[in-house]
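These notes concern the structure reproduced below.
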Amino acid sequence: MFKRAFLYMLCCIFVLVTSCSQAENVDNINNDNQNVDNLDGDNKDVDKSDKGEVINNEYTTQPNNKLGFALLDKVERDKNNNIFISPSSAFMALSMAYNGSEGETKDEIAEALQIKDISVDQLNQANAVLVDKLQKDTQATQLSIANSIWLNKQFHFTDEFSDATTTFYDAETTEIDITDDRSVDKINDWVSESTNDKITDIVEGPLNEDMVAILINALYFEGKWKYPFSEARTEEEPFYSGGTENNIPMMMLEEELAYMENDEFQAVKLPYQDDEMNMTIFLPSENSTIDTFIAAISDENWQEWQAEFQEMNGIIKLPTFELEYETNLNEAFQLLGMELAFKKQDADFSKMIKEDAPLWIHEIKQKTYINVDEKGTEAAAVTSIEMRTESAVVGDTFYMEVNRPFFMTITDNETDTILFMGVITNPNG
């Protein structure tokens, strides 16, 4: 009798435990589904779950990289024939402006940003997750992303626009008197502080009397090489570009690195400490050109190339270089299909301000900086959007000598987000 009672009690306990476990699993599944649903609805609680990060890659990382490749052959080269842009900075700044757009203007911005199939809420959620993943602050690597909005005090943002830029972009909004020269100093001081003084200004005074707001993204990166170059091995060597030959400091490193090679180019990845980020160098073959490479690069090719890298011992020679770059992105984005946003009579940013006033993008400006030496890399980017209205494998080893124009990127390894990309034609630039 006692045995039967004991067995009955064990059965009851087993059923109770199993039921509780199943209920817990159901709750976990429901919670996971809710995390995904947050990206599809109007919930403004930022989802930073694993599922959110997976979706984030489709919603922001891929469009970010596609935007960079699309802009690459549309921006102007500087006087030294160099290009150095930040697709991430441009993407973030325009994402904020996107929240204030409507109608065909919104559709064209979505086309330019490669986000036609993504809702505003999905974009905002994914951008918040991406920024959270990208921010780094260690002894080896620093990456900071900041947003600010400078509003003419005569105007007022809609609650929806203000909530979105604050919640998802952590944008610091400041009302300014556009007739006061100190407002210019305030904006430029914020830029300087956000880029560790590498970019010291983005606006000039006096501010235009028709200015309504300036939306700014600032990005700063500093990374130490995982395998530093020895300064003792840096020597003056020739760099060939545009039919000329100039002697420049050339670093040398012998190490096991991720490397790939085909008939068109060589490529190598130089990791930063912590292995969280890398600089990838693409060197077109001697019978090709940098322009041919740029014409061939695309997001599809980029992903295919990533799968072809293999660890291999070899030697790389790389120039030290430091350059500043500035470009107006208006024409580049117009060529990408974003035309109405720049037209006074046609732009629709009715969701940005409460006032019933025409609003358009007057200028999208980007400034960048990069310094590459034996110890590592320091880079910065600032993108500003000024809104205006009317007045009232080969062999066992490799040898790669980067002594001619090359393409380079700085990429976050976990998300595969390209933060910076450039064409270096004149390292002395």
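Things to note:
- Some residue of region 109-121 being at pLDDT 95 or above, open to solvent by less than 10 Å² (accessible area, probe 1.4 Å) and not hydrophobic (A, V, I, L, M, F, W, C): no
- Pairing each residue of region 202-215 that is within 16 Å of residue 174 (Cβ to Cβ) with any residue that is assigned to a loop (DSSP other than H, G, I, E, B), provided the two are 6+ apart or on different chains, yields C-beta distances under 7 Å for 207/178; 211/178; 212/155; 212/359; 212/389; 214/203.
- Taking (1) under 30 Å from residue 405 (Cβ atoms); (2) outside any strand (DSSP E or B); (3) not assigned by the TED database to the domain that holds residue 412 in turn, residue 218 satisfies each apart from (2).
- Applying the condition of being touching a Lys or Arg at 6+ places or on another chain (Cβ under 6 Å) and open to solvent by 20 Å² or more (accessible area, probe 1.4 Å) to region 259-296 and asking which residue is farthest from residue 403 (Cα to Cα) yields 273.
- Residue 58 vs. criteria surrounded by fewer than 19 Cβ atoms within 10 Å (Cβ to Cβ), modelled with pLDDT of 95 or more and of a type in the set (Asp, Glu): no
- Within region 184-215, being open to solvent by 60 Å² or more (accessible area, probe 1.4 Å) and assigned to a helix (DSSP H, G or I) holds for 185, 186, 189, 193.
- Scanning region 285-312 for residues that are closer than 13 Å to residue 265 by Cβ and in a loop (DSSP other than H, G, I, E, B) returns 285, 286, 287, 288, 289, 297, 308, 309.
- Within the set 161, 168, 155, the sole residue that is farther than 17 Å from residue 355 by Cα, in the same structural domain as residue 214 (by the TED database) and buried (at least 17 other Cβ atoms within 10 Å of the Cβ) turns out to be 168.
- Candidates 341, 347, filtered to the one that is open to solvent by less than 10 Å² (accessible area, probe 1.4 Å) and either over 29 Å from residue 414 (Cα atoms) or part of a helix (DSSP H, G or I) (or both): 341
- Look at region 244-255: where a residue is more than 12 Å from residue 234 (Cβ to Cβ) and a partner is in a strand (DSSP E or B), sitting 6+ places away or on another chain with Cβ atoms under 6 Å, you get 245/238; 246/239; 247/236; 247/238; 254/315.
- From 359, 340, 335, residue being under 22 Å from the mean Cα position of the chain (by Cα) and of a type outside the set (D, E, K, R): 335
- Only one entry in 347, 332 is in contact with a helix residue (DSSP H, G or I) (Cβ under 8 Å, 6 or more places away or on another chain) and more than 24 Å from residue 84 (Cα to Cα), namely 347.
- A single member of 333, 282 is among the aromatic types (Phe, Trp, Tyr), in contact with a strand residue (DSSP E or B) (Cβ under 9 Å, 6 or more places away or on another chain) and part of a helix (DSSP H, G or I), and it is 333.
The values are calculated or read from the model by the stated rules, or taken from the named source; none is laboratory data. Every value quoted in this text rests on a predicted model; they were computed, and no experiment measured them. Positions of Cβ are generated from backbone atoms using ideal geometry, with glycine treated the same way; all protein chains shown enter the neighbour counts. For the accessible areas, the whole protein counts, side chains as well, though only heavy atoms, and no ligand, DNA or RNA atoms are used. Shrake-Rupley method; radii C 1.70, N 1.55, O 1.52, S 1.80 Å.
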